[in-house]
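The values are calculated or read from the model by the stated rules, or taken from the named source; none is laboratory data. Computed from a prediction, not measured in an experiment: that's the story for all the values here. Reconstructed Cβ throughout: ideal geometry from the backbone, glycine too, with neighbour counts over all protein chains shown.
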Amino acid sequence: MSPHFSLTTPLYYVNALPHIGSAYTTIAADVLARFYRLQGYQVRFITGTDEHGQKIERTAQQRGLSPQAHCDEIAAGFQALWQQLHIHYDRFSRTTSPRHHAIVNEFFQRVWDNGDIYLGQQQGWYCVECEEFKEERELLEGRRCPIHVNRTVEWRDERNYFFRLSKYQPALLDYYAEHPDFVQPPSRRNEVLSFIEQGLQDFSISRVNLAWGFPVPTDPDQTLYVWFDALLGYVTALLEPEDEPTLANALKTWWPINLHIIGKDILRFHAISWPAMLMSAGLPLPEQIFVHGFLTKDGQKMGKSLGNTLDPFALVAQYGADAVRYYFMKEVEFGRDGDFSETRFVNILNADLANDLGNLLNRTLKMAWKYTDGKVPNVQGSAIPREHSLRQLAEHLCQTYGQGYRQLAFHEVCQQALTLARAGNKFLDEEAPWKRYKAGETQAVAEILYCVLESVRLVAYVLAPIIPQLSEAIYGQLGYSIKFNGSVAPDLLGDRQAQWGVLPASQPLANPEPIFQKLSLPATVADSP
Ligand code: MSP
């Protein structure tokens, strides 16, 4: 049986259509899912939408829609964007689904039976945007939320049900000590640890005066807190369509989740509340939580409530899915913040994909049509000496790229692959096959062209999880009819393609066509100083 890998994005709030921040996480998760599928894993890639709570209720009200109609519309918007970005998810979890309700009730009951839920008085400052109580000391001047800096928090004083988070402080600390890689990168782990060490407080898991959510099973006058319900969306997503919605069914094959990918603003929910809830319900914890940074525009977090978002629909429509995917994976080190600039976007894509990779393939193919009859030169890759500069670099790439993906170091994978493409260009310039052909050195020309084409193939293979369409186009130009569409052909599996010398001698090549058209800056950006 093939190994399993399950991973999640956060379930996105449906207060508005997706912005580039949500696209960023989802692209990264899709890249990883595609990588693992290519490695021969069975993958369960979960994304979805978080549809309850005050924020959504208010947004629907403002739009004059019922909450459900509003949610349906926005959830469809997320699905449409994922399709345009070639996101190949396995499950789209919506927290308003009746099956999810059943899972939430069963889970609540377990925590209740364990004595971890009690009635208490909740007082504090609440940020509706975060759907979270804030400590007074965290607030900015004018009682503004530190994350949604243009929103003031609201005072709450109500009778709510609480979850005994404090009880799990020692168990959480033990768990962190025993699982040093549970939260990555290490700076985030340290942040969580110091927060736990300051002392954990119980938190309220219900609300009054809120209609949009699941009623508390033991007290229908109260509504379950949106985060309690949302985190369980990861569990509901594991049900097979034909399964009865029970915890046992949801957990039987894919639990525990291997990886939760999240942004830094929702770290505590995932790294503290969620593990404690699972402990209370007697369930194993996820294997790893990877925390990425924020995309900023002009140094400020991009976000729906700040109104400085970059429209991902427009970006994809203008530049194409692979361009957007590549830019974010290459330019922003996963785990750190990154700034978006359209000028940089265009420059990077032109330099890397149009020039270094696209042009290399194109010029080499043209030579192969001139010098080797439109075929892969009749050379066995294995006959190229191991010390050959391109072979050495290519084999190094084959050995290291997998680790890059497994560590979510996407920018490194891109850099390594590009290094090989650049070396291919330099090699061609130095070897000048056009001169050697004139000098009658046909065997040398054949070897040069083979090595470059094989290098381009490897770059395409290694980058396939990031730029699937381009990789498919490159393979097409090299004479293959292989699809990199998420459901993987057997000859792509494992490391079969990640080896030197796979390109078959004398394989007929396609007519050279540019695989990536040079981009130009939109006039408004190009004109600004
Ligand atoms: N609904 C909750 C998650 C529940 S998971 C069970 C939520 N949703 S959200 O839509 O507000 O945010 C989802 C993710 O988008 C978070 O991981 C957040 O960090 C990320 N981003 C929101 N703005 C972002 C940027 N500007 N840049 C990168 N990611 C950002 O929180």
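Laid out as a table, the results:
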{"item": "Which numbered condition Leu239 fails, given (1) closer than 25 Å to Pro98 by Cα; (2) touching a Leu at 6+ places or on another chain (Cβ under 8 Å)", "result": "(2)"}
{"item": "Residues within the range 489-501 that are part of a loop (DSSP other than H, G, I, E, B), surrounded by 15 or more Cβ atoms within 10 Å (Cβ to Cβ) and among the aliphatic types (A, V, I, L, M), tallied", "result": "2"}
{"item": "Hey, Gln42 away from the ligand (no atom under 14 Å from the Cβ), in contact (Cβ under 8 Å) with a residue 12 or more places away in the chain and surrounded by fewer than 23 Cβ atoms within 10 Å (Cβ to Cβ) or not", "result": "yes"}
{"item": "Flag for Lys330 being crowded, with 20+ Cβ neighbours inside 10 Å and of a type in the set (Lys, Arg)", "result": "yes"}
{"item": "Residue under evaluation Ile74, criteria (1) in contact with a Ser or Thr (Cβ under 9 Å, 6 or more places away or on another chain); (2) more than 13 Å from the ligand (Cβ to nearest atom); (3) of a type in the set (A, V, I, L, M); (4) not in a strand (DSSP E or B), criterion not met", "result": "(2)"}
{"item": "Residue count for the range 139-189, restricted to those that are of a type outside the set (Val, Ile, Thr) and part of a strand (DSSP E or B)", "result": "13"}
{"item": "Qualifying residue in the range 215-236 (condition: more than 22 Å from Phe163 (Cβ to Cβ) and in contact (Cβ under 8 Å) with a residue 12 or more places away in the chain)", "result": "no"}
{"item": "Hits in the range 160-175 - residues which are aromatic (Phe, Trp, Tyr) and surrounded by fewer than 19 Cβ atoms within 10 Å (Cβ to Cβ)", "result": "Tyr175"}
{"item": "Failed item in (1) within 16 Å of the ligand (Cβ to nearest atom); (2) over 16 Å from Ser93 (Cα atoms); (3) within 13 Å of the chain's Cα centre (by Cα), with Ala33 passing the rest", "result": "(1)"}
{"item": "From Ala60, Ala69, residue being small (Gly, Ala, Ser), surrounded by fewer than 18 Cβ atoms within 10 Å (Cβ to Cβ) and either at pLDDT 95 or above or away from the ligand (no atom under 12 Å from the Cβ) (or both)", "result": "Ala69"}
{"item": "Strands (runs of 3 or more DSSP E) wholly inside the range 233-323 that include at least 1 residues being away from the ligand (no atom under 15 Å from the Cβ) and under 20 Å from the mean Cα position of the chain (by Cα)", "result": "288-292"}
{"item": "Pair list, Cβ < 7 Å and 6+ apart or interchain, from the range 1-20 residues that are in contact (Cβ under 8 Å) with a residue 40 or more places away in the chain to residues that are more than 11 Å from the ligand (Cβ to nearest atom) and hydroxyl-bearing (Ser, Thr, Tyr)", "result": "Ser2/Tyr41; His4/Tyr41; Phe5/Tyr36; Phe5/Tyr41; Asn15/Thr59"}
{"item": "Extreme residue, nearest to His52 (Cα to Cα), among residues of the range 205-217 that are at pLDDT 95 or above and more than 28 Å from the chain's Cα centre (by Cα)", "result": "Trp212"}
{"item": "Given (1) closer than 23 Å to Leu231 by Cβ; (2) surrounded by fewer than 18 Cβ atoms within 10 Å (Cβ to Cβ); (3) modelled with pLDDT under 95; (4) not hydroxyl-bearing (Ser, Thr, Tyr), number of the condition Trp125 does not satisfy", "result": "(2)"}
{"item": "Odd one out for Thr419 among (1) touching an Asp or Glu at 6+ places or on another chain (Cβ under 7 Å); (2) surrounded by fewer than 17 Cβ atoms within 10 Å (Cβ to Cβ); (3) polar (S, T, N, Q)", "result": "(1)"}
{"item": "Search result, residues across the range 30-70 that are of a type in the set (Lys, Arg) and in a helix (DSSP H, G or I)", "result": "Arg34, Arg37, Lys55, Arg58, Arg63"}
{"item": "For Val192: the one exception among (1) in contact with a Leu (Cβ under 9 Å, 6 or more places away or on another chain); (2) not in a helix (DSSP H, G or I)", "result": "(2)"}
{"item": "Residue within the range 103-114 that is modelled with pLDDT of 95 or more, touching an Asp or Glu at 6+ places or on another chain (Cβ under 7 Å) and closer than 24 Å to Pro286 by Cβ present", "result": "yes"}
{"item": "All positions within the range 334-360 that are crowded, with 17+ Cβ neighbours inside 10 Å and farther than 24 Å from Gln477 by Cα", "result": "Phe334, Gly335, Gly338, Phe340, Glu342, Phe345, Val346"}
{"item": "Residue in the range 326-341 that is within 15 Å of the ligand (Cβ to nearest atom), touching a strand residue (DSSP E or B) at 6+ places or on another chain (Cβ under 9 Å), farther than 18 Å from Ser187 by Cβ and in a helix (DSSP H, G or I) present", "result": "yes"}
{"item": "Residue match in the range 96-116 (condition: within 15 Å of the ligand (Cβ to nearest atom) and part of a loop (DSSP other than H, G, I, E, B))", "result": "yes"}
{"item": "Of all residues in the range 1-29 being part of a helix (DSSP H, G or I) and touching a strand residue (DSSP E or B) at 6+ places or on another chain (Cβ under 7 Å), the one that is nearest to the ligand (Cβ to nearest atom)", "result": "Gly21"}
{"item": "From the options Arg363, Arg391, residue that is of a type in the set (Lys, Arg) and touching an Asp or Glu at 6+ places or on another chain (Cβ under 9 Å)", "result": "Arg391"}
{"item": "Failed condition for Arg406, given (1) within 20 Å of Pro468 (Cα to Cα); (2) crowded, with 19+ Cβ neighbours inside 10 Å", "result": "(2)"}
{"item": "Residue within the range 166-176 that is touching an Asp or Glu at 6+ places or on another chain (Cβ under 8 Å), at pLDDT 95 or above and not charged (D, E, K, R) present", "result": "yes"}
